[in-house]
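Reading through the structure tokens given below for one structure.
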Amino acid sequence: MAAPCAVVGHVIPGLPDAERLMAKYAGDAARELGRGVARATRRTSGTSRVGYDGVFALLFINFALFAMDHWFAIGAVKTLYLNHARPTWWQFVTSTFCHANWAHLSSNIFFLYIFGKLVEEEEGAFGVWMSYIVTGVGANVASWLLLPKSVGGVLGIGGAATVSLGASGAVFGLFAVSVLVKLKFNWRRILEVVILGQFVVDRFLTEAKMVAAAGSGVGAGNVNHVAHLGGAIAGVLLIFFLSRLVPS
């Protein structure tokens, strides 16, 4: 979820990453611009090593909001959860940074760290941020459309509002993006895709079975399988549309 403005200003990736991302997907003319930007960046920094600033910024915000919510009991953090009965537009973003408990957070940040780094290696900090936000929002939209708006009550009256929170939808999006951005025709990349791809496909099929078995899309332990599938599909669509950008 969103951090205070001062923090976001510190961590939102810079223009060079955006230009390199456009260069990859927008054709030859933009690609030449990207090469120039990359050369200039290397000359300025003296190194081409990936620092993973984007991933660590995402991890920091997830940790910070968890601490504010559960350790310091700052009630305002709960307004960042996605309220299915009365959603606000920003909750579709902010809920991806909030977690219900430590087990929820720790499992998500492990996969965020692993697959976020894979995406950042290819697309830079801007790319991993865009992937996280777009796929997280996609996961939340799917949840809001498909899950009940409230639970309990009689004839929909007096029930408790359904809320969604957690990074897992965005993480499933990163699963998909991390495989698709490595689709290049050399043996190392093919091997990476085979190794990562079988994991991602297995997770996707498992989630699909869970949705079918649960009926409502929410399984044991209130796991939101709809969000997982929605995030993965959003990741595929993100790369599909970016790959079809053409230079103006």
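If you go through the range 92-111 and pick out every residue that is in contact (Cβ under 8 Å) with a residue 40 or more places away in the chain and within 22 Å of Ala160 (Cβ to Cβ), you end up with 8.
I need the full set of residues from the range 112-143 which are among the β-branched types (Val, Ile, Thr) and touching a residue at least 12 places away in the same chain (Cβ under 8 Å), in order please. Quick ask: steps written out before the conclusion?
Of the range 112-143, the ones among the β-branched types (Val, Ile, Thr) are 114, 119, 128, 133-135, 137, 141.
Across the range 112-143, the qualifying residues are Val119, Val128, Ile133, Val134, Thr135, Val137, Val141.
Could you say whether any residue in the range 121-143 is modelled with pLDDT of 95 or more, in contact with a His (Cβ under 9 Å, 6 or more places away or on another chain), surrounded by 16 or more Cβ atoms within 10 Å (Cβ to Cβ) and in a helix (DSSP H, G or I)? The answer is yes; a qualifying residue exists. In the set Ile61, Ile109, only one residue is of a type in the set (Val, Ile, Thr) and over 18 Å from Ala227 (Cβ atoms); that residue is Ile61.
Would you confirm whether or not the range 77-100 contains a residue that is on the phi > 0 side of the Ramachandran plot and not β-branched (Val, Ile, Thr)? Spell out the reasoning first.
Kept after step one, since they are on the phi > 0 side of the Ramachandran plot, are these residues of the range 77-100: none.
No, the range 77-100 contains no residue that is on the phi > 0 side of the Ramachandran plot and not β-branched (Val, Ile, Thr).
Of everything listed in (1) assigned to a helix (DSSP H, G or I); (2) within 24 Å of Val151 (Cβ to Cβ); (3) touching a residue at least 40 places away in the same chain (Cβ under 8 Å), the single unmet condition for Lys78 is (3).
Residue-wise test of (1) at pLDDT 90 or above; (2) touching a Pro at 6+ places or on another chain (Cβ under 9 Å); (3) farther than 19 Å from Leu58 by Cβ.
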position	(1), (2), (3)
Gly159	no, yes, yes
Ser164	yes, no, no
Phe175	yes, no, no
Val201	no, no, yes
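Say whether the condition of being touching a residue at least 12 places away in the same chain (Cβ under 8 Å), farther than 21 Å from Val223 by Cβ, among the β-branched types (Val, Ile, Thr) and touching a Gly at 6+ places or on another chain (Cβ under 9 Å) is met by at least one residue in the range 55-71. Outline the logic, then answer.
Residues of the range 55-71 that are touching a residue at least 12 places away in the same chain (Cβ under 8 Å), as a first pass: 55, 57-66, 69-70.
Adding the requirement that they be farther than 21 Å from Val223 by Cβ leaves 55, 57-61, 63-64.
Filter once more, so that each one left must be among the β-branched types (Val, Ile, Thr): 55, 61.
From what's left, touching a Gly at 6+ places or on another chain (Cβ under 9 Å): 55.
Yes: the range 55-71 contains one or more residues that are touching a residue at least 12 places away in the same chain (Cβ under 8 Å), farther than 21 Å from Val223 by Cβ, among the β-branched types (Val, Ile, Thr) and touching a Gly at 6+ places or on another chain (Cβ under 9 Å).
For Glu192, the stated conditions do not hold, so it cannot be described as at pLDDT below 75, surrounded by 21 or more Cβ atoms within 10 Å (Cβ to Cβ) and in a helix (DSSP H, G or I). Candidates are the residues of the range 209-248 that are among the β-branched types (Val, Ile, Thr) and either modelled with pLDDT of 55 or more or in contact with a helix residue (DSSP H, G or I) (Cβ under 8 Å, 6 or more places away or on another chain) (or both); the one that is farthest from Val93 (Cα to Cα) is Val211. Considering the conditions (1) surrounded by 20 or more Cβ atoms within 10 Å (Cβ to Cβ); (2) over 13 Å from Leu174 (Cβ atoms), Gly116 is excluded by exactly one of them, (2). If only residues of the range 177-189 that are at pLDDT 75 or above, part of a loop (DSSP other than H, G, I, E, B) and hydrophobic (A, V, I, L, M, F, W, C) are counted, the one that is surrounded by the most Cβ atoms within 10 Å (Cβ to Cβ) is Val181.
The values are calculated or read from the model by the stated rules, or taken from the named source; none is laboratory data. Predicted model only: the values in this text are computed from it and were never measured. A quick note on method: Cβ atoms are made from the backbone with ideal geometry, for glycine too, and the neighbour counts reach across all protein chains shown.
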